[in-house]
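Here's the structure we're looking at; comments come further down.
The values are calculated or read from the model by the stated rules, or taken from the named source; none is laboratory data. Just so we're clear, the structure is a prediction, and the values are computed from it rather than from any experiment. Virtual Cβ from ideal backbone geometry, glycine too; neighbours counted across all protein chains shown.
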Amino acid sequence: MSQTLWLIPALPLLGALINGVIGRRLPRALSSWFAVAVMAASFGVAVNAVINLIALPPEAQVIHETLYQWLGVGSFSADVGFWLDPLSAVMILVVTGIGALIHMYAVGYMAHDSDYARFFTALNLFAFAMLVLVLADNYLLMYLGWEGVGVCSYLLIGFWYNRDNLAVGTDEKFLSPRSSATKAFVVNRVGDFGFTLGMVLMFWTLGSLSFGQVFHNAETMLQVGAPVVTIMTLLLFLGATGKSAQIPLYVWLPDAMAGPTPVSALMHAATMVTAGVYMVARSHVLFQLAPATMAVVAVIGVLTAFIAATIALTQHDLKRVLAYSTVSQLGYMMLALGVGAFSAGIFHLMTHAFFKALLFLGAGAVMHAMNDMLDMRRLGGLRKIMPITFWTFLIGALALSGFPLFSGFFSKDEILAAGFKTGNIGLWLAGVVTALLTAFYTFRAVVLTFGGKPRWRKGEIVTTTDAADTHTAADAHGAPGLDPHEAKWVMTVPLIVLALGALFAGFLGLPSVLGENRFEHFLEPVFHQTAIVIPPELEWLLIGISAAAAIVGIFLALRFYRGDARTPARLAAYYPALYQLLLNKYWVDEFYDTLIARPGRWLANAFWLGVDGKIINGLADGLGNALRRFGNTLRTLQSGYARGYALAMLIGIVVVIVLVIARP
Amino acid sequence: MLTVTHFTVLSALLFALGALAVLVRRNPLIMLMGIELMLNAVNLAFVAFSHYLENMDGQVFVFIVLTVAAAEVAVGLALVVAIFRARDNVDMDEIDSLRG
């Protein structure tokens, strides 16, 4: 078979190189559509590769390409090699397919930004890094992609580096894009540190970093529950909590909304945050050897899901609600991995990629229409004005809520059922409650954004509250006041395609009572798992309960927020402490700030001003100052009087002669 | 009878005169003359010693000193002219651009 796997990451890299080097000189349309084209081509190659993969017999479903040896030191070697099995097949299809759609959407979304070349360079580079991450055949190459993704997220979150406050038309104060980018990067570094240590420990105990050998050695050399494998997987999981925004490292993701919306959709919904989930699923052999870690993964996952969902209940900013729902859904995926239902986790990853990208892009269309204003207290009534956005957003919201027959329903139900079947009733119950909360906050967002009467006036001018920010929303869109309109076709086409995905992707993985779980079957060569069979009555009961959770949540949200919605305000007034707790996101940011960021800054300042400024600089400066003072003293000898020099010479000669003569 | 001492004393006097001229005068021309005087005082001593020791080495040195003196005057006068053109003034105490 011809080797084509390398083309999948290479095409976006080519796009990044060309846009990065000459993009500024290209016309806008050429530069941006080129970025889309490389992604589409990459998708084409990926589809072709996956078709080739499916043609292989199930027990040998791996396409392995080694390009060259990257490092080789003693017994250690790392190749630049790509590894396509059903698991990475799902990932490359998601990354390139949804990625291409988001790139296309970005053409329309960034149509008014003069820095289009920089944007598309970073976007393509991101896709490249992500594809390296999912296609790598060893942990070191995976780590390269992992870090590349981190860097690109920094570049893209901080894309509007010269703007200070992106909260338009509201009194809310968010982190500036610069600070958000730094926060994302630093928080991710904490996780990466764990990943690095995990890799070191892996090489130390198992003697290799390439997937095949690591898993083979792990199965033959390590016992279940051995301390070393527990520590190793906990370290790897720390890396996953960073990238996949789990407790305790989820805090970066909501602030990452400071980037342009296609970035939020691409990185913080569909691809980057799935890196941690992918990594854990990829290392399933190791994780299965460490039951303690698996329990940690499941508990962290369900806690993250629940806590993020409760925060999402009270947020006012549409994108923040979606961001917290991403954190929450990632928690579900971790829960699935933690109870050993790897294919269910990956299935939810895929369906989530569809509907969350869709929801973010829909929010972006709303932003475009409303001159960047996203405060849901001031939206409303957009259903008639933006029908395509409304209907696609509704489909995404139904999928996210887990409404029966939408994609999110099947994947979430599979996760919950897996929790139940493995006997973790507590986890299952928390998951069901979270599902109810999910449906509630999702439809709260839908109703507040699209339903009811407009809470804005036509022609109203919305600006940021930040006086120093010269970039007003009106500049960006060339519109003097609010005049909402449906987005252009480059933006609506991706919405429609993603909506189809959100509608139908779920049918790939039907529960056993409804049909065949093709998705799990497809992933079987990787995970070697078959579903636990339970009586159909129980299965129906579980399905009924998750459907009921979704429907009750949706119903409650409609009751609360349609018409003149006094219930939420009354509830908030009735439980002020709880409301403030949720509105302020459990004060986790403040907590981290006091406990870690402030002491860190204090320590950095101490080292900067104290050790570096006083001691090191003091030494260097002191030496220089002493020499300068000495020189200043000496320079007075150079009087500039030639006769003075002559006299000095004469005296010197006389002294020398006297000394010579007087010598015994 | 003239002894070598007479010549040595004369040479020393001439040298001291030259050095005094270099040290006390501010006119570079006079200072150059003082330098010439010092060189020729040394020449006188060389010739005297050469005669009394009946060795020609001293006279060879005199020729070398004469040559050097000629070159020195050429360079010195050229410098004086150049300085005069640049500053309209050749007072040695005024020429102190390199004062520290």
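Being within 14 Å of chain B (Cβ to nearest Cβ) and free of Cβ contacts under 8 Å to residues at least 40 places away in the same chain: is that true of residue A:609 here? Spell out how you get there, then give the answer.
Numbers: within 14 Å of chain B (Cβ to nearest Cβ): no; free of Cβ contacts under 8 Å to residues at least 40 places away in the same chain: yes.
No, not satisfied.
Look at (1) surrounded by 12 or more Cβ atoms within 10 Å (Cβ to Cβ); (2) within 14 Å of another protein chain (Cβ to nearest Cβ) and you find that residue B:98 fails only one, number (1). When the criteria are applied in full, residue B:12 fails the requirement of being more than 11 Å from chain A (Cβ to nearest Cβ) and surrounded by 18 or more Cβ atoms within 10 Å (Cβ to Cβ).
Applying a threshold of 9 Å to beta carbon distances and a minimum spacing of six or more residues, or different chains, the list of pairs starting in the range A:479-504 at a residue that is part of a loop (DSSP other than H, G, I, E, B) and ending at one that is among the polar types (S, T, N, Q) and at pLDDT 90 or above reads A:486/A:389; A:486/A:492; A:487/A:389.
The condition of being more than 14 Å from chain A (Cβ to nearest Cβ), over 21 Å from residue A:650 (Cβ atoms) and at pLDDT 90 or above does not hold for residue B:88.
Applying the selection to the range A:529-582, what residues are surrounded by 11 or more Cβ atoms within 10 Å (Cβ to Cβ) and in a loop (DSSP other than H, G, I, E, B)? Passing the criteria: A:529, A:530, A:531, A:532, A:534, A:562, A:563, A:565, A:575.
Exactly one residue out of A:256, A:290, A:269, A:245 is within 21 Å of residue A:92 (Cβ to Cβ), hydrophobic (A, V, I, L, M, F, W, C) and buried (at least 24 other Cβ atoms within 10 Å of the Cβ): that is A:269. Here residue A:343 does not qualify as among the hydroxyl-bearing types (Ser, Thr, Tyr), farther than 18 Å from residue A:294 by Cα and crowded, with 24+ Cβ neighbours inside 10 Å. Residues in the range A:35-83 that are surrounded by 12 or more Cβ atoms within 10 Å (Cβ to Cβ) and among the aromatic types (Phe, Trp, Tyr): A:43, A:70, A:76, A:82, A:83.
Going residue by residue through the range A:594-604, is there one that turns out to be assigned to a helix (DSSP H, G or I), farther than 30 Å from residue A:173 by Cα and either touching a Ser or Thr at 6+ places or on another chain (Cβ under 8 Å) or more than 14 Å from chain B (Cβ to nearest Cβ) (or both)? Checked against the condition, which is being assigned to a helix (DSSP H, G or I), farther than 30 Å from residue A:173 by Cα and either touching a Ser or Thr at 6+ places or on another chain (Cβ under 8 Å) or more than 14 Å from chain B (Cβ to nearest Cβ) (or both), the range A:594-604 yields no hits at all. Quick check on this structure: which one of A:306, A:354 is surrounded by fewer than 24 Cβ atoms within 10 Å (Cβ to Cβ) and part of a helix (DSSP H, G or I)? So the residue among A:306, A:354 that is surrounded by fewer than 24 Cβ atoms within 10 Å (Cβ to Cβ) and part of a helix (DSSP H, G or I) is A:306. Exactly one residue out of A:245, A:240, A:275 is modelled with pLDDT of 90 or more, on the phi > 0 side of the Ramachandran plot and among the hydrophobic types (A, V, I, L, M, F, W, C), and it is A:245.
Could we say that residue A:327 is outside any loop (DSSP other than H, G, I, E, B), surrounded by 24 or more Cβ atoms within 10 Å (Cβ to Cβ) and hydrophobic (A, V, I, L, M, F, W, C) here?
Judged against the criteria, residue A:327 is a match.
Would you point out which residue out of A:104, A:199, A:142 is closer than 27 Å to residue A:500 by Cα and outside the structural domain of residue A:597 (by TED's automatic domain parsing)? Spell out how you get there, then give the answer.
On the way: A:199 fails: closer than 27 Å to residue A:500 by Cα; A:142 fails: closer than 27 Å to residue A:500 by Cα.
On inspection, the qualifying residue turns out to be A:104.
Residues in the range A:152-187 that are out of contact with any Lys or Arg (no Cβ under 7 Å at 6 or more places or on another chain), among the aliphatic types (A, V, I, L, M) and at pLDDT below 90: A:166, A:168. Exactly one residue among A:100, A:78, A:37 is closer than 28 Å to residue A:261 by Cβ and in contact (Cβ under 8 Å) with a residue 24 or more places away in the chain, and that residue is A:100. Exactly one residue out of B:80, B:4, B:60, B:22 is hydrophobic (A, V, I, L, M, F, W, C), more than 23 Å from residue A:653 (Cα to Cα) and within 14 Å of chain A (Cβ to nearest Cβ): that is B:80. Consider the range A:628-664 and keep the residues that are among the small types (Gly, Ala, Ser) and surrounded by 10 or more Cβ atoms within 10 Å (Cβ to Cβ). The one that is nearest to the other protein chains (Cβ to nearest Cβ) is A:640.
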